[in-house]
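Asker: Just dropping this structure here.
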Amino acid sequence: FSRVLDQYRDAGLGDLEPDDPQFPFCIEVKRRATANTCEPAWEAQAWKAAERANKHAAVIYRGDNRPWRVRVYADAVAEAFGSDCVCGVWLETDLQGFAWIAREIMADRARRRGDYAND
């Protein structure tokens, strides 16, 4: 991943850009000393950037002395399980759970494209 420096000038961009264009998320990263939960404004910002990039939205955040947490829209989790359900809610996980969701979506999309023709 690399930082998207233009996101300071253009609020419609995510904070991180993956090396792999197949990565299914547009990521907002937030760090606030008193962050106990994800702010609705962060979710809205992530959603806007994700719509523009045609990806799923993700907010990775943490407060002081707290572990990193990740908010993703439930549609991404449904896709990771092979469903096209439109769920309409945000869910929260840790970084390991987020990595699993991204991996499963990428693997499923690769299978659909025929990248694993011998499976």
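The values are calculated or read from the model by the stated rules, or taken from the named source; none is laboratory data. The structure presented is a predicted model; accordingly, all values stated were derived computationally and were not measured. Using ideal geometry, Cβ is built from the backbone for each residue, glycine included, and neighbour counts are taken over all protein chains shown. Note: areas computed on protein heavy atoms with side chains; ligands, DNA, RNA excluded. Shrake-Rupley method; radii C 1.70, N 1.55, O 1.52, S 1.80 Å.
Asker: Which value, in debye to the nearest 20, gives the size of the charge dipole of the chain about its Cα centre, when Lys and Arg are +1 and Asp and Glu are -1 at the Cβ?
Answerer: Its charge dipole is roughly 280 debye.
Asker: On a full-extension model of 0.36 nm per residue, what is the gain between PHE81 and ARG31, subtracting their alpha-carbon distance, rounded to one decimal in nm? Mind showing how you got there, number by number?
Answerer: On the way: separation 50, 0.36 × 50 = 18.00 nm, distance 2.96 nm.
That pair, PHE81 and ARG31, stretches by 15.0 nm at full extension.
Asker: Using θ = phi - 60° and the Karplus curve 6.51 cos²θ - 1.76 cosθ + 1.60, what whole-Hz ³J(HN,Hα) does each residue of the stretch 81-97 get, with Gly and Pro shown as x?
Answerer: Computed from phi, the couplings for the stretch 81-97 are 9, x, 10, 10, 4, 9, 8, x, 9, 8, 10, 10, 8, 9, 4, 5, x Hz.
Asker: For the pair ALA99/ASP19, report the inter-label distance in nm, with labels modelled 7 Å from Cα in the Cβ direction.
Answerer: Roughly 1.5 nm, to one decimal.
Asker: Compare the Cα positions of ALA33, PHE23, ALA46 along the charge dipole of the stretch 17-74 (+1 at Cβ of Lys, Arg; -1 at Cβ of Asp, Glu; about the Cα centre) and return the one farthest towards the positive end.
Answerer: ALA33
Asker: Can you give me the angle between helix 40-53 and the longest principal axis of the chain, using Cα atoms only, in degrees from 0 to 90, rounded to the nearest 10?
Answerer: The angle comes out at about 40 degrees.
Asker: A follow-up question, please. Which one, [x] 13.6, 39; [y] 15.4, 58; [z] 14.6, 50, gives Rg and Dmax of the Cα atoms in Å as derived from the coordinates shown?
Answerer: Step by step, Rg and Dmax of the Cα atoms in Å for this structure corresponds to label [z].
Asker: Along the stretch 98-108, what does the Karplus equation 6.51 cos²θ - 1.76 cosθ + 1.60 (θ = phi - 60°) give for ³J(HN,Hα), rounded to whole Hz, x for Gly and Pro?
Answerer: Values, residue by residue: 4, 4, 4, 4, 4, 4, 5, 5, 5, 5, 5 Hz.
Asker: Sticking with this structure for a sec: Please report, as a whole percent, how much of the solvent-accessible surface of the chain comes from carbon and sulfur atoms (probe radius 1.4 Å).
Answerer: Using a 1.4 Å probe with all protein chains present, the chain comes out at 49 percent carbon and sulfur.
Asker: Follow-up question, since we're still on this one. Ranked from the most accessible area to the least, with a 1.4 Å probe and all protein chains present, what is the order of TRP100, TRP90, TRP42?
Answerer: Heavy-atom accessible area, descending, gives TRP100, TRP90, TRP42.
Asker: Using label points projected 7 Å from each Cα along Cα→Cβ, tell me how many nm separate MET106 and ARG3, to one decimal.
Answerer: 2.3
Asker: For LYS48, LYS55, LYS30, what's the largest-to-smallest order of accessible area, 1.4 Å probe? Write down the numbers at each step before the final one.
Answerer: On the way: LYS48 120, LYS55 60, LYS30 35 Å².
Putting LYS48, LYS55, LYS30 in descending order of accessible area: LYS48, LYS55, LYS30.
Asker: So what is the calculated 222 nm ellipticity per residue for the chain, using -39500 (n - 2.57) for each DSSP H run with n of 4 or more, over all residues, to the nearest 500 deg cm²/dmol? Let's see the in-between values first.
Answerer: On the way: 3 runs with 40 residues, N = 119.
So the calculated ellipticity at 222 nm is -10500 deg cm²/dmol.
Asker: Would you rank GLU43, GLU28 by solvent-accessible area, highest first, keeping every protein chain in place and using a 1.4 Å probe?
Answerer: GLU43, GLU28
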